[in-house]
4 protein chains.
Amino acid sequence: MPAQTFRKLPYRPRDAVRTRAGILAAATAAFAAHGLGGARVDEIARGAGVNKALLYHYFGNKQALFLAVLEEVYANIRGAEAALELETENPPEAMERLVDFTWEYFLEHPEFITLLNSENLHRARHLKRSKQVRALHHPLVDRIGEILERGIARGDFRADVDPVQLYISIAALGYFYLSNAHTLGTVFDRDLLAESEKEARRRHVQDVVRGYLRPVVLS
Amino acid sequence: MPAQTFRKLPYRPRDAVRTRAGILAAATAAFAAHGLGGARVDEIARGAGVNKALLYHYFGNKQALFLAVLEEVYANIRGAEAALELETENPPEAMERLVDFTWEYFLEHPEFITLLNSENLHRARHLKRSKQVRALHHPLVDRIGEILERGIARGDFRADVDPVQLYISIAALGYFYLSNAHTLGTVFDRDLLAESEKEARRRHVQDVVRGYLRPVVLS
Amino acid sequence: MPAQTFRKLPYRPRDAVRTRAGILAAATAAFAAHGLGGARVDEIARGAGVNKALLYHYFGNKQALFLAVLEEVYANIRGAEAALELETENPPEAMERLVDFTWEYFLEHPEFITLLNSENLHRARHLKRSKQVRALHHPLVDRIGEILERGIARGDFRADVDPVQLYISIAALGYFYLSNAHTLGTVFDRDLLAESEKEARRRHVQDVVRGYLRPVVLS
Amino acid sequence: MPAQTFRKLPYRPRDAVRTRAGILAAATAAFAAHGLGGARVDEIARGAGVNKALLYHYFGNKQALFLAVLEEVYANIRGAEAALELETENPPEAMERLVDFTWEYFLEHPEFITLLNSENLHRARHLKRSKQVRALHHPLVDRIGEILERGIARGDFRADVDPVQLYISIAALGYFYLSNAHTLGTVFDRDLLAESEKEARRRHVQDVVRGYLRPVVLS
DNA sequence: CATGAATGAGGCTTCATTCAT
DNA sequence: TATGAATGAAGCCTCATTCAT
């Protein structure tokens, strides 16, 4: 009840930047929890502590707001990723770091998963309109390519690896597990989100990627 | 089954069964296309060529209908899977068959993916109520376990593999690619659903699984 | 309060034709009173004693409902007009009847005027989509043409009259007076809608039309 | 008018007058295009290049702004009319000039028509509050009365003409044609706003007024 | 078994207007 | 004088569901 007190009293920010960010945050939460169609504009406005009309003033409509959210979460993950130290002497270690980062990012940002699922249900209709998002991903592919090259040169990795395929697989192994944890947990009767299970999955994913990348030995 | 039957015209028995199946088919299509929240009861009824009230008569409400759809698609995939010949002499080949089957099933049954995504958005709320679905999955885990055992015994596979983790990974590598093809295709600027790309993915998935399962060689 | 009683109790018609007509009537009243933009769907539904959703079920949207109203009022005026006995021996008398009818119709159907004004504000956007309305007006032009021909032949009328221009003038003299009675009354400080004034206008319109149609005498 | 004036930059005096006029012009355009209810305060402010709050500062509210617009357009038409040279030796010529002026004014000021229609939809609620508008119209009636008197005295005109009725008819013949051009054009399948049609209408209106005013000849 | 008619609740969006500076 | 930020009220429309036959 104190929160209310703060919101009701003269805490109307009148700070466009902060208000906009607040709306975006509330929208991210709502879209993540219920999907684009399931989220309620009313709830978002309430969550941001503003009037619905203001939301429309800033973002135009629900779909544009959804796109803004998508662009932000993409910028966030790629931003965090960019901060990784991957240009190490040791390509397998770099790869391990990338795998760990990806798994942990999904784990700590469940909204990323639901948001992308929702966008895919709509066949990426919104994202396709984005002008920034493509550019965000070139560096990622380049960096993975460089790690692979160095690793192949050193004999750490097998030679025939497509960086995009590899990245999709790294993501897939974590994303699918988390995205579908509820149905998988139900049908396999196993609490996949228990801490120990999550740690087991992390190791499994590392194993799969490492195992796959091992050079092929001819007997 | 008196005179009425004749007076009221083509009242073939089993109509009820067929009508029910028609509704289920229309519902599958609608839920797959738009998700649970996005599908319209009106559209389902129209698609099945029946009155909305009849749909309620048969299934009670939208959510129960959704669960019926889920149960059906799970039964379908597990049924097709069960028909696979995996008890071969050659465990790597059996594994390859399972991987191919899984990839191809997802490819040919895109509804399976959207339906599960939708159910996961709802944290498997409906599926948890199902009494049949769990039983459906025991054989799957058992069979994978058997293949692994035989393969390990023969030195085909590494020794530390959890069948459930493995199955989740096999599914993940295909499912995520297809489920997120639209966003991935957009951000990587690549048509992941082109025939050649799909075939490349199939090979990649095989490579990953085979690579992972290779016994660990100590130098 | 008895009306309510009837509406609230099992007087849900379940008679599609009657319900539809009721909605149309309520819509006519509302659009006439407030224009297309000013009328409220809520008010229309309440006026018809039905739920808003039903209105959308029958008419699709507000604009389609507006068009349905327009088509109905046009059909009504042209229908009433068609019932006039104009094929008399005496063309001036026929003309007089048409003038009187037109004036009185506008007087007794003020909704016709506001509806058309509203549609003209929208540049006839809705009416242009109508398939029926054009056909409705051919007979009118033909009949006026015939009266004129006979009158000219008999020396009752001047010779150079375009039937469409004439009809527009006959309508104009009454329509504008009634349509703009409020502003005209205000600026000229005169109650143009008093009974005596209306009767005076009727005579004036007859005078103008008769005066105009008189054959031109060369001195 | 101290230092501030120089510090705050181009604060020309009389800006207020110009700003007000700009708002009025934008409002006239918007109300003419969409009616009172259909016009958007936002659009008016944008059109005037000012902040919405300023508009409220100057005019109080939308309805008061609408009244201001009405008063201006009435002042404009009566002002232009007053500049006509009607006190000629030749009453029929004076009448012809008035008819031409009226027609042409409507033609060149379509906003006048839509604004009055909108005000009449509201039963002249705003205009009735105006203190200036009534006074504006006395001279008009007087002048028409004088022309009529002189013409009757000279035997140019019939004797029983009410100046207000006559003016209303002169206005009606042009106003209704233009106001309802879209619906009339649609139902009669004729482009009433083509240049040739407009010129034909002008001549027709002149014919009707002249024909009506001709003295009644007793055979 | 099957249907057409009807509805309550709620969703997205718009808009005139006011506030704080 | 002028502004950008913010809002309450309401408008159009949709949707899952029920009723009466």
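Table for the structure above
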quantity: From the options C:Arg20, C:Arg7, residue that is open to solvent by 20 Å² or more (accessible area, probe 1.4 Å), within 16 Å of DNA strand E (Cβ to nearest atom) and modelled with pLDDT of 95 or more; calculated: C:Arg20
quantity: Residue in segment D:74-97 that is more than 20 Å from C:Leu121 (Cα to Cα), away from chain C (no Cβ under 14 Å) and within 16 Å of DNA strand E (Cβ to nearest atom) present; calculated: no
quantity: Out of C:Ala94, C:Ala172, C:Ala83, sole residue that is touching a Ser or Thr at 6+ places or on another chain (Cβ under 7 Å), at pLDDT 95 or above and not acidic (Asp, Glu); calculated: C:Ala94
quantity: Members of segment B:44-67 found to be away from chain A (no Cβ under 14 Å), more than 11 Å from DNA strand E (Cβ to nearest atom) and surrounded by fewer than 20 Cβ atoms within 10 Å (Cβ to Cβ), listed by number; calculated: B:Gly47, B:Gly60, B:Asn61, B:Ala64
quantity: Any helices (runs of 4 or more DSSP H) falling wholly within segment B:7-88 and containing at least 1 residues that are of a type in the set (Val, Ile, Thr); calculated: B:15-38, B:41-48, B:62-82
quantity: All positions within segment C:207-216 that are of a type outside the set (Lys, Arg) and either facing another protein chain (nearest Cβ under 7 Å) or within 27 Å of D:Leu121 (Cα to Cα) (or both); calculated: C:Asp207, C:Val208, C:Gly211, C:Tyr212
quantity: Given (1) surrounded by 15 or more Cβ atoms within 10 Å (Cβ to Cβ); (2) away from every other protein chain (no Cβ under 11 Å), number of the condition C:Ala32 does not satisfy; calculated: (2)
quantity: In segment B:61-96, the residues that are of a type in the set (D, E, K, R) and under 14 Å from A:Thr183 (Cβ atoms); calculated: B:Glu71, B:Arg78
quantity: Counted residues, segment D:169-212 - those being polar (S, T, N, Q) and within 16 Å of C:Asp162 (Cα to Cα); calculated: 2
quantity: Conditions (1) in contact with a Ser or Thr (Cβ under 8 Å, 6 or more places away or on another chain); (2) over 24 Å from C:Ala172 (Cβ atoms): number failed by D:Thr88; calculated: (1)
quantity: Where C:Phe106 falls short, out of the listed (1) farther than 19 Å from D:Ile168 by Cβ; (2) open to solvent by less than 10 Å² (accessible area, probe 1.4 Å); (3) part of a helix (DSSP H, G or I); calculated: (1)
quantity: Candidate set: segment B:193-206, residues that are open to solvent by 40 Å² or more (accessible area, probe 1.4 Å) and more than 19 Å from A:Leu121 (Cβ to Cβ); chosen: the one nearest to the other protein chains (Cβ to nearest Cβ); calculated: B:Arg203
quantity: All positions within segment C:172-192 that are facing chain D (nearest Cβ under 7 Å) and closer than 17 Å to C:Glu81 by Cβ; calculated: C:Ala172, C:Leu173, C:Tyr175
quantity: Cβ pairs under 6 Å, 6+ apart, first in segment C:22-46 and over 17 Å from D:Asn120 (Cβ atoms), second surrounded by fewer than 17 Cβ atoms within 10 Å (Cβ to Cβ) and hydrophobic (A, V, I, L, M, F, W, C); calculated: none
quantity: Set D:Arg134, D:Arg190: member being under 30 Å from C:His126 (Cα atoms) and open to solvent by 50 Å² or more (accessible area, probe 1.4 Å); calculated: D:Arg190
quantity: Leading residue by the ranking (nearest to B:Asp189 (Cα to Cα)) among those in segment A:119-129 that are touching a residue at least 12 places away in the same chain (Cβ under 8 Å) and open to solvent by less than 10 Å² (accessible area, probe 1.4 Å); calculated: A:Leu127
quantity: Whichever residue in segment B:122-171 is among the basic types (Lys, Arg) and more than 7 Å from chain A (Cβ to nearest Cβ) and, among such residues, is farthest from A:Gly174 (Cα to Cα); calculated: B:Arg154
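Conditions tested, residue by residue: (1) within 16 Å of DNA strand F (Cβ to nearest atom); (2) within 14 Å of D:Leu115 (Cα to Cα).
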residue: D:Leu54; (1), (2): yes, no
residue: D:His57; (1), (2): yes, no
residue: D:Glu71; (1), (2): no, yes
residue: D:Tyr74; (1), (2): no, yes
residue: D:Leu84; (1), (2): no, no
residue: D:Glu87; (1), (2): no, no
residue: D:Glu93; (1), (2): no, no
residue: D:Glu96; (1), (2): no, no
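The values are calculated or read from the model by the stated rules, or taken from the named source; none is laboratory data. Computed from a predicted structure; not experimentally measured. Please note: Cβ atoms are built from the backbone with ideal geometry, for glycine as well, and neighbour counts cover all protein chains shown. The accessibility values were calculated without ligands, DNA or RNA, using every heavy atom of the protein model including side chains. Shrake-Rupley method; radii C 1.70, N 1.55, O 1.52, S 1.80 Å.
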